[in-house]
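Note sheet for the following structure.
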Amino acid sequence: MAEEKKSSCATCSSTTCSAKNKHANENDEQFAARRQIAENLCKIKHKVIVMSGKGGVGKSSVAVNIAMALAMDGKNVGLLDIDLHGPSVPTMFGLTDGKISVSENNRFIPITFGGLKIMSVGFFLPDRDDAIIWRGPLKHAMIQQFFKDVDWGTLDYLIIDSPPGTGDELLSLVNTVEDLTGAVLVTTPQEVAAADVRKSVTFCEKANVKVLGIVENMSGYACPHCGEVSQIFKIGAGQKIAEKYGFPLLGKIPIDPAIGESGDNGVPFVYMQSKSASAKEIESITNKMVAICEKKD
Ligand code: ADP
């Protein structure tokens, strides 16, 4: 468990922190904002982004269940949903009416579920059916706010559910969070999905983000009666990508009707069916990710 850090930027003894000194091109307000972000990030040990080349491959489901599995393991965990155009985290926790409260010192307080601290852009939208047009600078400001103004406290892990693809939000994220631990890439077994995940790989290379591993989701079909997994697609694209680039294959999650149901019912699958074979696979994926994240500690 993470120990409570008492230091703040004012008292921190780090000589290498980029928030130590004001940049020549920033005013006092910008410097204060950057410091506030650095101070917040300093208390979060591992920041892991969950990415996918395209939508619908189960990226949010993987992010939600990894975060929940970590929290169930007794770790201090936050889950941040930065999918500004289609936040699905509130639905997956049954929090579509969730309202964010503000602390005495004007910080946003995440909503908790089973010890997990959850923050989503969805909590700030007045009407969830509204189509909001997010322009680049507004997106960047919103993403910065998640790190500047949210009271995350001290965390072992912050799992970040990103939008599909490699758009503005990801760029803002890598510019705001200098010390991302790495990325988990989610794909389905088909070749078309793999073509898109390669773009995520290129993004990570360019942004200097370590790929922690690949999750092949919807990998075969788990029979709801006997649990046997049938291979319904020919190509193990996640495995191929992992082999091609030398990334760890963290695991393969089958299509399991219970995973879909739990997402719709607002209770994370690993929380609801922790003893099932698919939940054990998600647990194993989480443990492998933890081992990779903590290797350099
Ligand atoms: P993405 O974030 O990539 O758009 P989601 O996580 O929202 O994808 O998943 C899309 C849909 O597929 C959701 O309804 C989700 O419950 C379902 N789903 C995801 N993974 C699985 C799985 N392994 N088995 C069954 N349904 C799944």
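Quick check on my filter: what residues within the stretch 245-266 are within 12 Å of the ligand (Cβ to nearest atom) and surrounded by 16 or more Cβ atoms within 10 Å (Cβ to Cβ)?
Selection gives Gly251, Lys252, Ile253, Pro254, Ile255, Asp256, Ala258, Ile259, Ser262, Gly263.
Only residues that are away from the ligand (no atom under 16 Å from the Cβ), assigned to a helix (DSSP H, G or I) and within 18 Å of the chain's Cα centre (by Cα): list them for the stretch 82-127, please.
Phe123
Take the residues in the stretch 178-209 that are in contact with a Gly (Cβ under 7 Å, 6 or more places away or on another chain) and assigned to a loop (DSSP other than H, G, I, E, B); name whichever of them is farthest from Phe93 (Cα to Cα).
Val209
For Ile143, are the conditions met, namely being touching a residue at least 24 places away in the same chain (Cβ under 8 Å), touching a Leu at 6+ places or on another chain (Cβ under 7 Å) and not aromatic (Phe, Trp, Tyr)?
It is true that Ile143 is touching a residue at least 24 places away in the same chain (Cβ under 8 Å), touching a Leu at 6+ places or on another chain (Cβ under 7 Å) and not aromatic (Phe, Trp, Tyr).
Would the stretch 264-276 turn up any residue that is over 20 Å from Lys59 (Cβ atoms), among the hydrophobic types (A, V, I, L, M, F, W, C) and in a loop (DSSP other than H, G, I, E, B)?
There is no residue in the stretch 264-276 that is over 20 Å from Lys59 (Cβ atoms), among the hydrophobic types (A, V, I, L, M, F, W, C) and in a loop (DSSP other than H, G, I, E, B).
Just to check your reading of the model, which residue among Gly213, Gly227, Gly220 is assigned to a loop (DSSP other than H, G, I, E, B) and either touching a helix residue (DSSP H, G or I) at 6+ places or on another chain (Cβ under 9 Å) or surrounded by fewer than 20 Cβ atoms within 10 Å (Cβ to Cβ) (or both)?
Gly227
A quick yes/no check of all residues on (1) at pLDDT below 95; (2) out of contact with any Phe, Trp or Tyr (no Cβ under 8 Å at 6 or more places or on another chain); (3) at positive phi:
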position	(1), (2), (3)
Ala193	yes, yes, no
Asn208	no, yes, yes
Pro224	yes, yes, no
Glu228	yes, yes, no
Pro257	yes, yes, no
Phe269	no, yes, no
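Restricting to the stretch 38-81, name every residue that is surrounded by 21 or more Cβ atoms within 10 Å (Cβ to Cβ), away from the ligand (no atom under 13 Å from the Cβ) and in a loop (DSSP other than H, G, I, E, B).
Asn76
When residues of the stretch 280-297 are filtered for being surrounded by 20 or more Cβ atoms within 10 Å (Cβ to Cβ) and either without any contact (Cβ under 8 Å) to a residue 60 or more places away in the chain or in contact with a Lys or Arg (Cβ under 6 Å, 6 or more places away or on another chain) (or both), how many remain?
1
Please go through the stretch 203-244 and pick out each residue that is touching a residue at least 60 places away in the same chain (Cβ under 8 Å) and within 14 Å of the ligand (Cβ to nearest atom).
Listed by number, the residues that qualify are Val215, Asn217, Met218.
Just name the residue that is farthest from the ligand (Cβ to nearest atom) out of those in the stretch 151-177 that are in a loop (DSSP other than H, G, I, E, B) and touching a Gly at 6+ places or on another chain (Cβ under 9 Å).
Step by step, filter the stretch 151-177, then rank; the result is Gly153.
The values are calculated or read from the model by the stated rules, or taken from the named source; none is laboratory data. None of these values were measured; they are calculated from a predicted model. Methodologically, a virtual Cβ is constructed for each residue, glycine included, from the backbone with ideal geometry; neighbour enumeration extends over all protein chains shown.
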